[in-house]
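A short write-up of the structure that comes next.
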Amino acid sequence: MEPWLMWLIAAAVLAVAEVFTLTAALGLLAAAASVTAASAALGLPVPGQFLVFAGVATLSVLFVRPLALRRLVPRQEARFGVEALVGKPAYVVSEVTAHGGRVRIGGEEWTARAYDETSVIPPGATADVVEISGSTAFVYPRE
């Protein structure tokens, strides 16, 4: 079997594998195998073919893959306003129950309620902000 045909078959197998994995690495290796198939068809000897494959694969994985991954992986949206407070620590100013209380979040004082209706969070404790509804922070005690 001709070397260029073997490289073409390898490129096809790698391309099919890329469809199933979506890693962007196998697709680049398939492209490197295609370039190598073209160089083999032009009469490059086998050791030269391996050098072409290694060079194209290395360059594409080092330089093209990071660019492709930036496009494929969605950026995490920045949270603004009260959404940014969810997950932050809250210092309990006055006892927090299911019916009310006060906490300090990032220097601002908020009305608060316990996220778990059976919880009672004493003053001086630290709690995590689970949700913000209007001007009320729903908090859960830290353990």
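The values are calculated or read from the model by the stated rules, or taken from the named source; none is laboratory data. What you are looking at is a predicted structure, and each value in this text was computed from that prediction instead of being measured. Reconstructed Cβ throughout: ideal geometry from the backbone, glycine too, with neighbour counts over all protein chains shown. We work out accessible area using only protein heavy atoms, side chains counted, and drop any ligands, DNA or RNA first. Shrake-Rupley method; radii C 1.70, N 1.55, O 1.52, S 1.80 Å.
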**Study point:** Contacts under 7 angstrom Cβ, first residue in the range 95-109 being among the hydrophobic types (A, V, I, L, M, F, W, C), partner open to solvent by 80 Å² or more (accessible area, probe 1.4 Å) and in a loop (DSSP other than H, G, I, E, B), 6 or more apart
**Key:** Ala98/Glu117; Ile105/Lys88
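Within the range 110-143, which residues are without any contact (Cβ under 8 Å) to a residue 12 or more places away in the chain and either over 15 Å from Glu83 (Cβ atoms) or of a type in the set (D, E, K, R) (or both)? Step through it out loud before you land on a result.
To start, the set of residues in the range 110-143 that are without any contact (Cβ under 8 Å) to a residue 12 or more places away in the chain comprises 133-134, 143.
Hit for the range 110-143 is Glu143, nothing else.
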Practice item. Among residues belonging to the range 14-25 that are modelled with pLDDT of 85 or more and either surrounded by 14 or more Cβ atoms within 10 Å (Cβ to Cβ) or in contact with a strand residue (DSSP E or B) (Cβ under 6 Å, 6 or more places away or on another chain) (or both), point out the one that is farthest from Phe63 (Cα to Cα). Key: Ala17
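In the range 41-71, what residues are among the aliphatic types (A, V, I, L, M) and either within 30 Å of the chain's Cα centre (by Cα) or modelled with pLDDT of 90 or more (or both)? It would help to see each step written out before you state the result.
Here is the first cut: in the range 41-71, the residues among the aliphatic types (A, V, I, L, M) are 41-42, 44, 46, 51-52, 54, 56-57, 59, 61-62, 64, 67-69.
Leu51, Val52, Ala54, Val56, Ala57, Leu59, Val61, Leu62, Val64, Leu67, Ala68, Leu69, listed by residue number.
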Exercise for review: Report, ordered by the first and then the second residue, all pairs with beta carbons closer than 6 Å, sequence separation of six or more or different chains, a first member in the range 38-50 that is under 16 Å from Leu8 (Cβ atoms), and a second member that is open to solvent by less than 50 Å² (accessible area, probe 1.4 Å) and β-branched (Val, Ile, Thr).
Suggested key: Ser39/Val52; Gln49/Thr36
